[in-house]
1. I'm told ARG206 meets every condition in (1) among the charged types (D, E, K, R); (2) within 16 Å of SER111 (Cβ to Cβ); (3) touching a strand residue (DSSP E or B) at 6+ places or on another chain (Cβ under 6 Å) except one. Can you identify the failing condition by its number?
2. Of the residues ILE271, ILE187, ILE234, only one is open to solvent by less than 40 Å² (accessible area, probe 1.4 Å) and modelled with pLDDT of 90 or more; which?
3. Every residue in the range 206-228 that is at negative phi, of a type outside the set (Asp, Glu) and loosely packed, with under 15 Cβ neighbours inside 10 Å, please.
4. Within the range 237-268, work out how many residues are at pLDDT 90 or above, open to solvent by less than 60 Å² (accessible area, probe 1.4 Å), outside any strand (DSSP E or B) and under 22 Å from GLY148 (Cα atoms).
5. Does any residue of the range 81-88 turn out to be closer than 20 Å to GLU101 by Cα, charged (D, E, K, R) and at pLDDT 90 or above?
6. Can you pull out every residue in the range 97-134 that is assigned to a loop (DSSP other than H, G, I, E, B) and among the hydrophobic types (A, V, I, L, M, F, W, C)?
7. Could you tell me whether the range 156-166 includes any residue that is loosely packed, with under 14 Cβ neighbours inside 10 Å and either closer than 25 Å to GLY254 by Cα or at pLDDT below 90 (or both)?
Amino acid sequence: MMRKTILYSTFLGAAALISFDALTNSSGAPAGSTGSPNSSSQTCARAGCHAGGPSVGARTVTITNDIPASGFAPNTVYNFTVTANDGGTGSARIGFQTSIEGGGSHVGSLSTNGNNALRKSGSFLGHSSSGINPTGGSRSWTFSWNSGNAPDQSEMYVAVNFANGNGNTSGDAIATQSLTLTLDQSISISEEQSVEDFTVSPNPARNWAKLKGLPASVTEVSIVDLSGKEVKRIYDVEASLGGTIFSLDGVAPGNYLVVPKASDVKPQQLIVQ
C-alpha cells in the first residue's frame, strides 16, 4: 500500500505530517527525537529507541499558541498546546517531544510550568510517564516558551508517538509537525534594546532570580501575576553592574511580570517553576 503524506496548516505557519515507525518510551523520549536539525533529523523511529509500525493514516497532530498574528516579541512568554488525535485507530498511549530552533541552535526557553505530565531533557521538552494516557483517542500538552532573542523564522518541531501499548515494537507510529514562528517586525530597534537592557535571570527560575540593567531611577520592583495582582515587592533595587538578587519564597509556580515601579521601563516576563 502506498504511504501517504498529509499536509496541515497551523497558525503562523504550515506543518507537514510524516509517517515513521515507532514504539513509545513511556517515561519520555531521549533528547534529540523531534526530527529537527538539532536532532539530526531523527525521531524515535531509529535503532536503540523504537522501530516497526504502520503508516500515520488518520492520525493527526495540531499546534496552537497565543502568539499574535503580528508575530512574537523578544523576551516574551507564550503558551503552546500540542494536540494528538489517533483518528479512531485505538492508540493506548500517546507521547511527544518538541524543540524550538533557529540559526542552527535552540532558541528561547521551553518550560513545563511545573506540570508533572511533562519533562525537559536539555533543550527538548516532552511527555513524562504520567502524560501519555489519551481520552477518546486524543491527548494534549500545554507548555510555555520564553522567546528570548529568537530570530525571525524560528521553527518549532514536534514528534508524536501513537502506541498500541502491547510492549513491543509492532503497531506503533510516529508523526511529525513543524511550525514557523515569525518575529513581530513592528518592534523598533530601540524597543528591542530597552527590553534587552533589563534582564531577569535565570528564567525560568526556582528559588531566586537576579535583576540586572535597570536604570538608577528604579529602586523598587513588583512581581505581579497575569491578573495584575502583586505577589511580591523587591525594595532597594541597585543599578550596579552586579544587579540585585532576590528570593522567590512565597511565589507559586507560574508566569509573572517583573514591573519596575515609577518608571517607563518595559516589564519583563518571569517563569517560576
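The values are calculated or read from the model by the stated rules, or taken from the named source; none is laboratory data. Only a predicted model underlies this, so the values are computations on that prediction, with no experimental measurement involved. As a convention, Cβ positions derive from the backbone with ideal geometry for all residues, glycine included, and neighbour counts pool all protein chains shown. Accessible surface areas use protein heavy atoms only, side chains included; no ligands, DNA or RNA. Shrake-Rupley method; radii C 1.70, N 1.55, O 1.52, S 1.80 Å.
1. (3)
2. ILE271
3. The answer is ARG206, ASN207, TRP208, PRO215, ALA216, SER217, LEU226, SER227.
4. So the count comes out to 1.
5. no
6. Hits for the range 97-134 are VAL107, ALA117, ILE132.
7. Taking every residue of the range 156-166 in turn, at least one turns out to be loosely packed, with under 14 Cβ neighbours inside 10 Å and either closer than 25 Å to GLY254 by Cα or at pLDDT below 90 (or both).
To keep it simple, each residue is scored yes or no on (1) among the small types (Gly, Ala, Ser); (2) within 22 Å of THR199 (Cα to Cα); (3) buried (at least 22 other Cβ atoms within 10 Å of the Cβ).
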site	(1), (2), (3)
GLY35	yes, no, yes
ALA45	yes, no, yes
ILE63	no, no, no
ASP66	no, no, no
ASN75	no, yes, no
